[in-house]
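Scroll down for the structure; my scribbles are underneath it.
The values are calculated or read from the model by the stated rules, or taken from the named source; none is laboratory data. Because the structure is predicted, anything quoted here is derived from the model rather than measured. Virtual Cβ from ideal backbone geometry, glycine too; neighbours counted across all protein chains shown. Only protein heavy atoms, including side chains, enter the accessible area calculation; ligands, DNA and RNA are left aside. Shrake-Rupley method; radii C 1.70, N 1.55, O 1.52, S 1.80 Å.
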Amino acid sequence: MPSHAARLKKVFKLREFPIAVGLTIIAVLVSTALVATQANTRFLELARQAAKDDVGKNADAIAGALQRELTKVDVIARAIRYAIEQKPDLTQQEYQDLVAPLIGTTPEILLVGRSRGYVIEQVYPMAGNEKAIGLDYRLVPTQFMAVRDALRTGKASLEGPVNLVQGGTAFIQRTPYYPKSREDKSRIASGIISVVVNREQLITQIYQDHGIETHDIAIRSLTSDLSPGKMKYGAKGIFDDNPILREVPTDSSIWQIGLVPSLGWPEQHRMEHYVWVLSLLGSSALGAMFLALWSMYRSKRIAEGQLRSAINSIDDGFALFDQQDRLVFANEKYLSYYDLSRNAIFPGNTFENILREGLRNGQYKDAIGREDAWLKERLAKHFNPTEPIEQKLGDGRWLKVAEARSPDGNTVGFRVDITELKQSRERAEAANRAKNNFLNIISHELRTPLTSVIGYARFLENIEILPGFKALKQALRTGAGEAECNRALDLLRNDVAGMSGRITSSSDHLLGLINDVLDRAKLEAETVDLRIEPLDLKDMVKSVTSNLGIKAAEKGISLTSDVAPLPIAADAKRLRQSLINVVGNAIKFTETGGVHLSSDSDDTHVRITVCDTGCGIPADQLDQIFDQFVQVDTSVTRRNSGTGLGLAITRELVELHGGSISVESELGHGSSFIITLPIKSQKLELAA
Ligand code: ADP
């Protein structure tokens, strides 16, 4: 099952991530803008509705008030008409007495005139309107038509707006009156009662009465088919701005009121644009911010990646631990060195945990058997790093461990593989030891036999000091008998023979030593040529045991063999030399018991085992005894002579035959040397 993180990683590849985020930002902002726009539209609708309701209420109030005012004017006109019809010949005073109380409470009525026919006869108030007396409507073109229609039809009408001679604008209610007698009703009207209403004052009065200040009003008349007629008040444009309309019927036509808010209806477009502009700006800012952050994040990742790959490509191990000693990063090489602790080497794990895992798995060779003490020492060095340390791993490799604390408290660790260096150093040390050993051995091995050769040669040089010579001389001088002389001669012969024998054996030993050194030199120069020939293994073993039997007998140990006849192909001289080395060693290092040779074979190989009951070899030396000049006991006082070359030569000779030599040993109980040889030599096969 892929982990959650892995799945996420799959869904969001790094490259697609900014696109996804960008789209999300755009989607969020577009939906925000849409929601805001919708909210705005809804808000606008509500605001409009509220405005309409408000304007509608005011329109109702204004229409009602206008209706009342116009009715009032009409009623006043009718009252005057009635009075005049009752008494057509009113004096000016009577006229004034009639009109004054009627219009006293109606300040918007400027004047009330009465014409007889087309000529104005009476006005009230007189002051300021004297000029109107005697005015003939037939001479005023703007009023003539209306007056004529009123006289002819007898219908009252509300006219206007009319520009007044006194200035200002007015509506004029014209109400015709008739002679008193009923039968005259069908005839032309006697005259007209004109009630002049100050238009501005009328409207202002209505506004003030209803506390309306925030609305603009326009009034027009409607024609008989209800289409717009003449403007009565206000700007014509108000009717084009979705006004609230109300109708007010008058005597002659229907008036229509249009009302709009002074500041106009609530508008939509601005707010909406702001939202979109803000969204655009917001998304651009967010996008830019995101891009900046993203590019910073990318650069950081790229830099980290470069650093990681650089650290990974280092040929040494590298690890970084934070202030809490938790692993931050370890490169591949580091992991490869600590393969046995690999499971614990992950970011976040502490150095101590990693060490403990290693200790459980035998990662640290030096720690085996003393894990707790080792852990303590290692941690102490880790927390106070000074000099680099050397560390032996479970797989035999050597690491140089260098650790350092950075100023911010992190710990940097380097691991360098110094196995080869260590091995070559060990080899050099071993070679040096071997060289010293060789010099010791050679000086000892040469000096001992040479001393005895020189010593015995001196005796022979000064033969007169030998007891045998002295005895012979005495016998001859005293003229002793033949028997006595012979005895003295035998004594002298024994002395000379003994010394010569010691000189011979010392010389043989020296020769053997020189031969060994020369053999080794030859083998090293690869100038040894095997003379492979068919021979019988049993015969070969027999010749070796009879050769060395005397030595074994001298030491009082047994030398036995149980080797079946087996034809093999080998260099007889070199095989004998090898067996003599191994069997000679076995006799040399065995004090009690004995040495036994046995063999077994398969189709291709024969194994010759030389088993002794001698001192044995320490386990840690088993690998080394086949190296030249290596001896288990290197002290000058060692009991057994030897150069440390025998087994090195033997191994090379056996390997030249295509075979091998190995050893098993138990200290204090004895050793077994096993020589394995091919039954048929390749060389012999080639020769056949
Ligand atoms: P040396 O001339 O010293 O015998 P070798 O190369 O033959 O040199 O042997 C090397 C060393 O191996 C000996 O010095 C001895 O310490 C050890 N060795 C060889 N054979 C035996 C054995 N059979 N028993 C115990 N030690 C042995």
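Within region 361-387, residues that are under 22 Å from Q323 (Cβ atoms) have Cβ atoms under 7 Å from residues that are of a type in the set (D, E) in these pairs: L379/E352; H382/E403; P385/E403, counting only partners at least 6 apart in sequence or on another chain.
When I188 is tested against (1) within 25 Å of T106 (Cβ to Cβ); (2) touching a helix residue (DSSP H, G or I) at 6+ places or on another chain (Cβ under 8 Å), exactly one condition is not met: (1).
In region 559-577, the count of residues that are under 18 Å from N515 (Cα atoms), within 15 Å of the ligand (Cβ to nearest atom) and either open to solvent by less than 50 Å² (accessible area, probe 1.4 Å) or in contact with a strand residue (DSSP E or B) (Cβ under 6 Å, 6 or more places away or on another chain) (or both) is one or more. The set of residues from region 208-218 being in contact (Cβ under 8 Å) with a residue 60 or more places away in the chain and open to solvent by less than 60 Å² (accessible area, probe 1.4 Å) comprises I212, H215, I217.
When the test is whether a residue is in contact with a Leu (Cβ under 6 Å, 6 or more places away or on another chain), under 30 Å from D536 (Cα atoms), at pLDDT 85 or above and within 8 Å of the ligand (Cβ to nearest atom), V606 does not pass it.
Among residues belonging to region 641-660 that are under 60 Å from the mean Cα position of the chain (by Cα) and in contact (Cβ under 8 Å) with a residue 60 or more places away in the chain, point out the one that is least open to solvent (accessible area, probe 1.4 Å). Among those residues, the one meeting the criterion is A648.
Only one entry in D251, D216, D225 is in contact with a helix residue (DSSP H, G or I) (Cβ under 7 Å, 6 or more places away or on another chain) and not in a strand (DSSP E or B), namely D251. Against the list (1) within 12 Å of the ligand (Cβ to nearest atom); (2) in contact (Cβ under 8 Å) with a residue 60 or more places away in the chain, the condition V583 fails is (2). Which of the following residues is in a loop (DSSP other than H, G, I, E, B) and open to solvent by less than 60 Å² (accessible area, probe 1.4 Å): G237, G167, G160? Just a single option satisfies the conditions, and that option is G167.
The criterion of at least 1 residues that are closer than 30 Å to E16 by Cα is met by the following helices (runs of 4 or more DSSP H) wholly inside region 283-384: 332-337.
Here is the figure for region 88-105: residues that are assigned to a loop (DSSP other than H, G, I, E, B) and either surrounded by 12 or more Cβ atoms within 10 Å (Cβ to Cβ) or in contact (Cβ under 8 Å) with a residue 40 or more places away in the chain (or both) total 2.
Does Q631 meet the test of being within 16 Å of the ligand (Cβ to nearest atom) and over 15 Å from F673 (Cβ atoms)? In short, yes.
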